[in-house]
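So the structure is just underneath, and the comments pick up after that.
What follows draws every value from the coordinates through simple rules; no lab data is involved. Keep in mind that this is a model prediction, so the values were computed, not measured. Heads up, the Cβs are rebuilt from the backbone with ideal geometry, glycines too, and the neighbour counts pull from every protein chain shown.
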Amino acid sequence: MKNILAVLMLALSAFFSTSAFAQQRRAPNVFLTSADGKTYDLSKYAGKVVVVNFWATWCGPCRKEIPDFIEVYKNYKNKGVEILGVSLDQDGWQKVTPFVKQNNINYPVVLGNGEVAGKFSNFNAIPTTFIIDKRGNIVDEHTGVMTKSQLEAKLKRLLSPAS
């Protein structure tokens, strides 16, 4: 009986430590500014699903996922989704602005740094993408390239009436 109880406790512990419930946490209250001076306050996006993507112009995997983010934003921006690209380029707007224009990035891009990134989590690689639900909770963290199909699947689940 002791062994069965121990196995059950271990299974429950594993379930709760990996479930979305256990990983869900409040999105940080950050203010980020775009090249044109517009300030983006994450707390103002209540009622929307927000995708926060940390990236850099020099990052190959980041460059690979940007076309998918552009497409997803085009298809979902009128359905309650916001995408915010947070560049971690140390050269700032000098590098980022031409890159945004050359790649026709259609979603807002802001500059970030280690302090901003640390408010989300202690991730150590880019690209890293956070998805925030309509109530302002981080419900997903993805390190590495996120494909269009992966992102759309996550968004559809959060945009469904049951969410």
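Give the long-range amide H neighbours of residue 139: residues separated by 5 or more places, or on another chain, with amide H under 5 Å away, using H modelled in the peptide plane at 1.01 Å from N.
Residues meeting the criterion, in which the H sits 1.01 Å from N, are 131, 132, 133.
Using θ = phi - 60° and the Karplus form 6.51 cos²θ - 1.76 cosθ + 1.60, what ³J(HN,Hα) does each residue of region 71-80 get, whole Hz, x for Gly and Pro?
These are the phi-based 3J(HN,Hα) values: 5, 5, 4, 4, 7, 10, 4, 8, 10, x Hz.
If the chain between residue 113 and residue 64 were fully stretched, how many nm would it gain, using 0.36 nm times the residue separation less the Cα-Cα distance?
Result: 15.5 nm gained on full extension.
Could you state, as a whole-number percent, how many of the C-alpha pairs of region 79-162 are farther apart than 19 Å?
46
What's the local net charge at residue 123, with K and R +1, D and E -1, over the other residues with C-beta under 14 Å away?
Local charge sum for residue 123: -1.
Specify whether the C-alpha gyration tensor of region 25-159 places it in the rounded, prolate or oblate class, a ≥ b ≥ c being the square roots of the eigenvalues: rounded for a/c under 1.5, otherwise prolate if a/b is larger than b/c and oblate if not.
rounded
If each residue of separation counts as 0.36 nm, what is the full-extension length gain between residue 77 and residue 156 once their alpha-carbon separation is subtracted?
Roughly 27.2 nm would be gained on extension.
Starting from the amide H of residue 30, placed 1.01 Å from N in the peptide plane, find each other amide H under 5 Å away whose residue is 5 or more places distant or on another chain.
Here the answer is 42, 43, since their amide H atoms fall under 5 Å of that of residue 30.
So what J values fall out for region 24-36 if you push phi through Karplus, 6.51 cos²θ - 1.76 cosθ + 1.60 with θ = phi - 60°, rounded to Hz, Gly and Pro as x?
So the Karplus estimates, Gly and Pro as x, are 5, 8, 5, 5, x, 8, 10, 10, 10, 10, 8, 4, 8 Hz.
Please name whichever of 112, 86, 40 sits farthest to the positive end of the charge dipole of region 25-159, dipole taken about the Cα centre and charges placed at Cβ: Lys and Arg +1, Asp and Glu -1.
Checking the options against the dipole of region 25-159, the answer is 40.
Peptides 145-154, 81-90, 30-39: what's the order by average Cβ count within 10 Å, highest mean first?
Highest mean packing first, the order is 81-90, 145-154, 30-39.
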